[in-house]
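The values are calculated or read from the model by the stated rules, or taken from the named source; none is laboratory data. For clarity, every value in this text was computed on a predicted model and none was experimentally measured. Don't worry about glycine lacking a Cβ; one is built from the backbone with ideal geometry, like all the others, and counts go over all protein chains shown. Note: areas computed on protein heavy atoms with side chains; ligands, DNA, RNA excluded. Shrake-Rupley method; radii C 1.70, N 1.55, O 1.52, S 1.80 Å.
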Amino acid sequence: MNNNMSGEAHRPGRIEVVCGSMFSGKTEELIRRLKRAEFAKQRVEIFKPSLDTRYSEIDVVSHDRHSIPSTPVDSSSSILLLSSDIDVVGIDEAQFFDNGLVGVCNELANRGVRVIVAGLDMDFKGVPFGPMPALCAVADEVTKVHAICVRCGALAYVSHRLVHNDKRVMLGEQSEYEPLCRECYRKAIEEEKAGKWE
């Protein structure tokens, strides 16, 4: 009989990345996996960047308002310091962390920790965001989730910014961003260049 130990009760060190545009369910999936680990009696710790205070100063909260307690941190190095004797580490909004997050995740996985990371793979200009591309490269598993394009109903490709602001990091919700497919995003950019803001 094959003794399969790949269930929730025993998982070797690994990195799982959940990525996609805004409103695609990244945080929802992160919370789901972490709650399963807690149900399996694993020691779980969740981190998020301290600058993300949209729904809560402390909790990780999805757009659907599901939440899980977390520890806000200012840098990726803090995650290593706060992760001793932990089985599963969750990291939300990974795109806002410094590039040191890749080494932190590798070190945790090499210690036997299951690391689950959620974040935007691209910024509002469609450019790979922060440490996310490197995390996808070193991950054992990458899950790309999709929102639905609000203009045509196809699978969304990118988070389109609806307000005039060129800062790369700008926290926002549905009044500031919309998920668009590649074609609708291209049309939206053309409209903006032509000065046809709605």
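At a glance:
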| read-out | value |
| --- | --- |
| Interchain or long-range residues, amide H under 5 Å from Val18's placed H | Val117, Ala118, Gly119, Thr143 |
| Theoretical gain in end-to-end length, Thr71 to Glu192 [0.36 nm per residue, Cα-Cα removed] | 39.7 nm |
| Per residue, in Å², the accessible surface of region 65-108 once ligands and nucleic acids are set aside, probe 1.4 Å | 41 Å² |
| Gain upon complete extension [Asn110, Lys35; 0.36 nm per residue less C-alpha separation] | 24.7 nm |
| Lysines with Cα under 28 Å of Lys35, excluding same-chain neighbours fewer than 8 positions away | Lys26, Lys48, Lys144 |
| Inter-site label distance for Leu81 and Val150 at 7 Å from Cα along Cβ, in nm | 3.9 nm |
| Note, ³J(HN,Hα) from phi for region 146-160, Karplus 6.51, -1.76, 1.60, rounded to Hz, x at Gly and Pro | 10, 7, 9, 4, 6, 9, 10, x, 6, 5, 6, 10, 8, 8, 8 |
| Anisotropy class of region 60-142 from Cα gyration tensor, a/c 1.5 cut | oblate |
